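Coordinate-derived values only; no laboratory data. Just so it is clear, the model here is predicted, and its values are computed rather than measured. Cβ placement follows ideal geometry from the backbone for every residue including glycine, while neighbour counts extend to all protein chains displayed.
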């Protein structure tokens, strides 16, 4: 039976439309799987988890650069998900935080972290397994994605902002045992660098090192290639640690925003560990223990408490429970008040990162009975490819803490 040219054209048009729709549906399969993965570990858990499926195009987002949250969102929308709402990333509120690096008697490196913030935000634990990058477990606040008080809507279209989650981590650990956490430097004006390098902002820097660095030295080499800009109009520093126990606090200052890596002081006694503590004042300014005596420095009391526990013990803690005890000693509950009766910045979550067998044990609101452990795994749909390796490079102005 002979088919008329008009009917043949209609059939071809229908096939072409079907092919376009099939390709569009195929392109959405991983974003949909990501949105559907959102859940609580159990009904009583005060945190949420999100498994990120597919390629979130970090290379292309990095190539575009981002000086602030607005530019980051535009880069994500352009490269990853055009339907992402423009208001997905609100300005981040002020926060404090405490971190430390210690070691157990059997040589396991531990990284402790309190995330202090007002207003309240339940933690979102993000699992990523990028092609050509390292698997990681990282954390952000649901508030940062536009969901205050953890009020995540059920309809998928209203969850689209969650697709930006890989780009707004505030701490995390990857499969090689490299951990990173950002801490605010309150009251400091952030530098305004003009180096000509590709600009990145705070949370994008965390994603960069988690996906691409296996060690502190590799992370420093990566960060040295970019022009660092800071989130929410405040300065930050970045605490790094790896499975060997090496650590550094990276700070950017001066008109050009030059990076400096503050390493821990060498241990004074045989068998001691070069531990490192960090809160909310610059460590590159001088001897950190002396700076901690200055009450004008935000977090000086927390820093002093961490040092008082770790220094006499040679930076060694018996186990992860002892690390959790130390975090509890410098945390703030929601019903705590300051010495003058003022409200304090509460601890939203605490976490102990095991850097030897990469995993994070996290609990919200100073409530350790609700702790959950999240191991870093490669299981899933995205097999590891060639592992990335940052070329070695000298990081400028390396200073020693102590």
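Estimate the FRET efficiency between residue 195 and residue 36 by the formula 1/(1 + (r/R0)^6), using the beta-carbon distance for r and 56 Å for R0, to the nearest 0.05. Before the final figure, lay out each step's value.
On the way: r = 42 Å, r/R0 = 0.74.
Efficiency, from the Cβ-Cβ distance: 0.85.
If a/c stays under 1.5 just call it rounded; otherwise compare a/b with b/c (prolate if a/b is bigger, oblate if not). Do that for segment 104-178, with a ≥ b ≥ c from the square roots of the Cα gyration tensor eigenvalues.
Numbers: a/c = 3.36, a/b = 1.54, b/c = 2.19.
Taking the square roots of the gyration eigenvalues as a ≥ b ≥ c, segment 104-178 is oblate.
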